[in-house]
Every structure is written in C-alpha cells, then in structure tokens.
Amino acid sequence: QVQLVESGGGLVQPGGSLRLSCAASASIFSVPYMAWYRQAPGKQRERVAVITSGGMADYAVAVKGRFIISRDYAQNTVHLQMNSLTPEDTAVYYCNGLWGSGNHWGQGTQVTVSS
C-alpha cells in the first residue's frame, strides 16, 4: 500500500507563497502522473496541477501562472509551489498518484489565505 504524506500547509497572507510537499512511500519514477487537488468548504474537490511521467505539467485555469508542480525522483517527492495566493486558494490540498496498485491519496494539508 502506497502512502502519501503532504506537508507545508499553513496560514499565509494574501499575496504570499507556500510550498507544499508530498512524500511517497514508493518510487514515483514510473508513475504515469502525480497531481495536486484541493477542496474548499462546501465545494467539490478539484484538480489544480498534474505532472506526467514525461514531465508535462498542466494547471487549472484558476492557478495557471501562479502555481508550479515539480518532482524530485531522488526523494520520491512532489512539490507544489504556490505564489500570489488569494483567499480563494483556501482549501485542503491533497496529493494524488496512480500506481499499479491503484489510485492513492494523501490525508491532505490545510492552506488558509487570510489577512
């Protein structure tokens, strides 16, 4: 069973930055994709960023130009650099990846953007 552990969330002022990390218990080298999702109170979970095994990245319109997803194969970690944060980015952020054993999720990390 693959475990994903997110970290890096917290409280930040509007305009600030945070870097989320997702540490996987298994190699991410051959994983077809790794993604970050978020879920705000009362809203559906939405994908904000995805990176494929070939290194292609895609972003939700709401975060394009502000968020950057990256991978560290040596640490089996995926990062989400979040810049120019706004209160609308407040949500629980989840890491997701597809292994041969199935689709796996982390427990989530809270990001709150508020002054």
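The values are calculated or read from the model by the stated rules, or taken from the named source; none is laboratory data. Bear in mind that the values here come from a model prediction, so they are computed numbers and not experimental data. Cβ: placed from backbone, ideal geometry, glycine included. Neighbour counts: every protein chain shown. Only protein heavy atoms, including side chains, enter the accessible area calculation; ligands, DNA and RNA are left aside. Shrake-Rupley method; radii C 1.70, N 1.55, O 1.52, S 1.80 Å.
Structure values in brief
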| quantity | calculated |
| --- | --- |
| Spacing of the two label points (7 Å from each Cα toward its C-beta) at residue 58 and residue 27, in nm | 2.6 |
| In nm, spacing of pseudo-spin labels at residue 7 and residue 107 (7 Å Cα→C-beta vector) | 1.3 |
| In nm, spacing of pseudo-spin labels at residue 86 and residue 73 (7 Å Cα→C-beta vector) | 3.7 |
| Carbon and sulfur %, accessible surface of the chain computed with the full protein complex present, 1.4 Å | 51 |
| Average accessible area per residue (Å²) across the chain - probe 1.4 Å, nucleic acids and ligands excluded | 52 |
